[in-house]
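See below for the structure under consideration.
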Amino acid sequence: MAQGTEEFVELYNQSDEPIQLAGKYLSYFSASRDWNKPYFDKSFPTSTLLAKSYYLVSLGDYPGEPDPDFDIGNNHLSDKNGSVGIFSCDPKIAT
């Protein structure tokens, strides 16, 4: 496992209500990408982010502990800059 590639994104729902993630997209945009051309764009599996709880998204060479709720695979984030966003529709096809 290469050092520095064990990446994850952790979401926290601070509200008292669950948030439905099904149909939403997690997208990463490197500094050179515009909002309609994400570097990667993955739809959440059917799942819910419970109230006052965390949701772990694994990327890169994540070691698997703790178990992620959603595994993006071998995609990596830039070490220097970029943006991660959650969208209600696929940004690749949104107008």
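Please go through region 4-21 and pick out each residue that is surrounded by fewer than 16 Cβ atoms within 10 Å (Cβ to Cβ) and within 19 Å of LEU59 (Cα to Cα). Can you show your working first?
Of region 4-21, the ones surrounded by fewer than 16 Cβ atoms within 10 Å (Cβ to Cβ) are 4-6, 10, 12, 14-18, 20.
Hits for region 4-21 are GLY4, THR5, GLU6, GLU10, TYR12.
Identify, by number, the condition in (1) touching a Ser or Thr at 6+ places or on another chain (Cβ under 6 Å); (2) crowded, with 17+ Cβ neighbours inside 10 Å that SER58 doesn't meet.
Going through (1) touching a Ser or Thr at 6+ places or on another chain (Cβ under 6 Å); (2) crowded, with 17+ Cβ neighbours inside 10 Å one by one, SER58 breaks only (1).
For region 61-95, name all the residues that are part of a loop (DSSP other than H, G, I, E, B) and open to solvent by less than 60 Å² (accessible area, probe 1.4 Å).
ASP61, TYR62, GLY64, PRO68, ASN75, LEU77, SER78, GLY82, ASP90, PRO91, ALA94
Examine region 33-41 for a residue that is surrounded by fewer than 12 Cβ atoms within 10 Å (Cβ to Cβ) and not in a loop (DSSP other than H, G, I, E, B), and state whether such a residue exists.
no
Give the residues of region 44-55 that are open to solvent by 80 Å² or more (accessible area, probe 1.4 Å) and at pLDDT 90 or above, sorted by residue number.
LEU50, LYS52, TYR54
The values are calculated or read from the model by the stated rules, or taken from the named source; none is laboratory data. Computed from a predicted model, the values in this text were never measured in an experiment. Note: ideal-geometry Cβ built from the backbone for every residue, glycine included; neighbour counts use all protein chains shown. In case anyone asks, the SASA skips ligands and DNA or RNA and just uses the protein heavy atoms, side chains included. Shrake-Rupley method; radii C 1.70, N 1.55, O 1.52, S 1.80 Å.
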